[in-house]
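Visitor: Sending over a structure as structure tokens; questions will come in a sec.
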Amino acid sequence: MSTTKTVIEFDHHSQEFKATRDETLRGLRETTPIAWTNAHGGYWFITSYALITEVLRNSAVFRSERLPDGGGGITIPENKFKPSVLPGELDGIAHDRFRQALNPFFAKPKVTELTEAIEKIMDDLLDALVDRDRFDAVSELAQALTVRAALRYVGIDTDDAWSFFEDCTHVREQPTSDEAAAVIARIKAFVDAKRGEEPKDVLGFLLAGPEPFTDDEFVGIVIGLVLGAVRTTADTLVHGLDVFDQDRELRARLIAEPEATTAAVEEVLRTHSPTLGLARTAMADAVVGGQQIRQGDRLLMAYHSGNLDDANFPNAATIDLERKRSPHLTFGRGSHFCLGNWLARLELRIAFQKILERMPDYTVDRAAGEYTETVGLRNAWEKLPLVPRP
């Protein structure tokens with residue numbers, strides 16, 4: 001064990017990291033898979049699959065919860081005005097209470113019942129897009145699918161579902177106190193309006209259920225469901241379209257063998273995690289990778305890096321449909337494993353199959369695309385023009 005911190009000059013939100021992301025992560029995995037940086041008040045940056053998995057499995061010591069002073073949580077830097085994402089920023093019994101209420105709605109058999117509805121939404125979207133000269137794959141296709149499919153299932157089937165999604169997104173970034181208060185008030189008003197309605201969606205059944213969640217808890221639930229159900233799946237969908245555009249041999253195989261799309265979904269999720277990684281707080285002294293972690297230290301696990309670790313995934317940067325399955329980190333690990341993983345997988349499989357069936361010769365205009373301002377949290381295209389046919 002080293003009592004001297006391995007310190008690096010590093011900021012996961014910097015433009016330098018954005019420009020050299022995969023190269024930087026590879027170098028850190030090979031030389032310093034756990035290192036301390038003084039950016040954003042200081043945190044440990046962990047890049048190897050083995051060490052990330054070790055931390056994620058030790059939820060007794062490394063916690064996701066928000067602290068009484070507003071610190072902690074799953075993102076770095078912290079912002080005390082952010083409302084919590086629930087159950088993602090809870091641990092132990094408190095976390096289990098939420099998961100037990102939510103799990104039945106997102107189990108594989110329940111999600112599979114949505115297949116026909118998602119296929120219909122995808123067909124309707126493509127009907128409107130396939131004859132266009134070009135369109136934005138992010139807002140007009142990927143996010144349009146997840147807003148309609150996932151939010152309808154969650155219970156936000158309103159005319160302003162899109163602005164609801166945008167508000168929930170902004171309030172988890174760096175909101176001011178007034179901005180956060182306005183979004184929280186909007187969510188509380190929405191939830192209150194659903195009380196007494198006949199249950200027909202996830203929120204409706206939670207409101208009518210035996211577990212008495214408070215108004216503040218429902219705010220966290222709504223934000224967690226909206227962000228988990230919409231943004232990450234949409235971002236992965238666009239990554240997949242970009243991958244299939246660059247690898248025409250892979251695309252041809254998926255067109256010829258639609259059943260191979262299931263494996264392609266897993267490989268796109270692995271190689272293009274929509275989130276760089278998430279944070280934990282050490283609740284006690286511990287040792288990770290030979291480094292002494294002190295109580296109160298913050299740690300950021302780079303899931304994207306772990307997914308590209310050749311020590312766990314040979315030739316990791318390559319999409320290999322025959323790859324021997326080893327759990328990737330995109331959905332996390334342990335008690336915080338992604339609640340909506342089966343819904344995401346279903347939406348991605350349907351979307352990829354429908355798009356390749358109806359637009360087999362599409363191209364994307366990467367030069368005209370726009371990526372996220374930083375890749376420190378969200379790792380995704382903000383805009384990516386798609387041309388449906390030559």
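Just so it is clear, none of the values below were taken in a lab; they were calculated from the coordinates. Here the structure is a predicted model, which means the values were calculated and not measured. For neighbour counting, all protein chains shown are included, and Cβ atoms are generated from backbone atoms with ideal geometry for every residue, glycine included.
Visitor: Given points 7 Å out from each Cα along the Cα-Cβ axis, report the ASP192 to ARG325 separation in nanometres with one decimal.
Guide: 4.7
Visitor: Which of HIS272, HIS40, HIS13 moves most in a GNM of the chain, Cα contacts under 10 Å?
Guide: Greatest mean-square fluctuation among the candidates belongs to HIS40.
Visitor: Given labels modelled 7 Å from the Cα in the Cβ direction, how far is it in nm from GLN100 to TYR371?
Guide: My value for the distance between the label points is 4.4 nm.
Visitor: Which of rounded, prolate, oblate describes the stretch 15-387, given a ≥ b ≥ c as roots of the alpha-carbon gyration tensor eigenvalues and a/c under 1.5 marking rounded, otherwise prolate only if a/b is larger than b/c?
Guide: Oblate shape, in that a/c is at least 1.5 and b/c is the bigger or equal ratio.
Visitor: Something else about it: Grab the Cα-Cα distance for GLU166 and HIS13, subtract it from 0.36 nm times how many residues apart they are, and report the gain in nm with one decimal.
Guide: Roughly 53.0 nm would be gained on extension.
Visitor: While we're here: Could you check the simple spin-label distance between VAL130 and THR31, using points 7 Å along Cα→Cβ, in nm with one decimal?
Guide: So the two model labels end up 5.2 nm from each other.
Visitor: Take each uninterrupted DSSP H stretch in the chain, measure its Cα extent along the helix axis, and return the ones at 24 Å or beyond whose mean Kyte-Doolittle hydropathy is at least 0.0.
Guide: Those that pass (Cα extent of 24 Å or more, hydropathy at least 0.0) are 177-194.
Visitor: Please work out the FRET efficiency for the pair VAL61 and ARG389, using the Cβ-Cβ distance as r and a Förster radius of 51 Å; give the result to the nearest 0.05.
Guide: Calculated transfer efficiency: 0.40.
Visitor: Residues in the stretch 279-321 near a label at ASN38, defined as backbone nitrogen under 18 Å from the 7 Å Cα→Cβ point?
Guide: Residues passing the 18 Å test: 297-298.
Visitor: Same structure, new question: Using the number of other C-beta atoms within 10 angstrom as an exposure proxy, rank VAL191, VAL55 with the fewest first.
Guide: VAL191, VAL55
Visitor: Can you tell me, using C-alpha contacts under 8 Å and at least 6 residues apart, the relative contact order of the chain as a whole percent?
Guide: Reported relative contact order: 27 percent.
Visitor: Quick one: ARG345, ARG134, fewest Cβ neighbours within 10 Å first, how do they rank?
Guide: Fewest to most other Cβ atoms nearby, the residues stand as ARG134, ARG345.
Visitor: Return the subset of LYS80/LYS194; LYS82/LYS200; LYS5/LYS324; LYS200/LYS354; LYS194/LYS354; LYS120/LYS383 for which the Cα-Cα distance in this structure is over 32 Å, preserving the input order.
Guide: Beyond 32 Å: LYS5/LYS324; LYS194/LYS354.
Visitor: Using the 2.2 N^0.38 Å rule of thumb for compact globular proteins, work out how the stretch 26-138 stacks up: its C-alpha Rg over that value, please.
Guide: Expressed relative to 2.2 N^0.38 Å, the Cα Rg reads 1.55.
Visitor: Let me ask you something else. Using a Förster distance of 41 Å, how high is the FRET efficiency between ALA208 and ASP178, based on the Cβ-Cβ distance and rounded to 0.05?
Guide: Efficiency, rounded to the nearest 0.05: 0.80.
Visitor: Same structure, new question: State the answer as a single residue: which of GLY196, LEU269, LEU237 lies farthest towards the positive end of the charge dipole of the chain, with beta carbon charges of +1 for Lys and Arg and -1 for Asp and Glu, about the Cα centre.
Guide: LEU269
Visitor: Whole angstrom only: what separates the Cα centroid of the stretch 324-381 from the Cα centroid of the stretch 61-136?
Guide: If we compute the Cα centre of each part, the gap is 14 Å.
Visitor: If the chain between THR318 and THR363 were fully stretched, how many nm would it gain, using 0.36 nm times the residue separation less the Cα-Cα distance?
Guide: 14.1 nm
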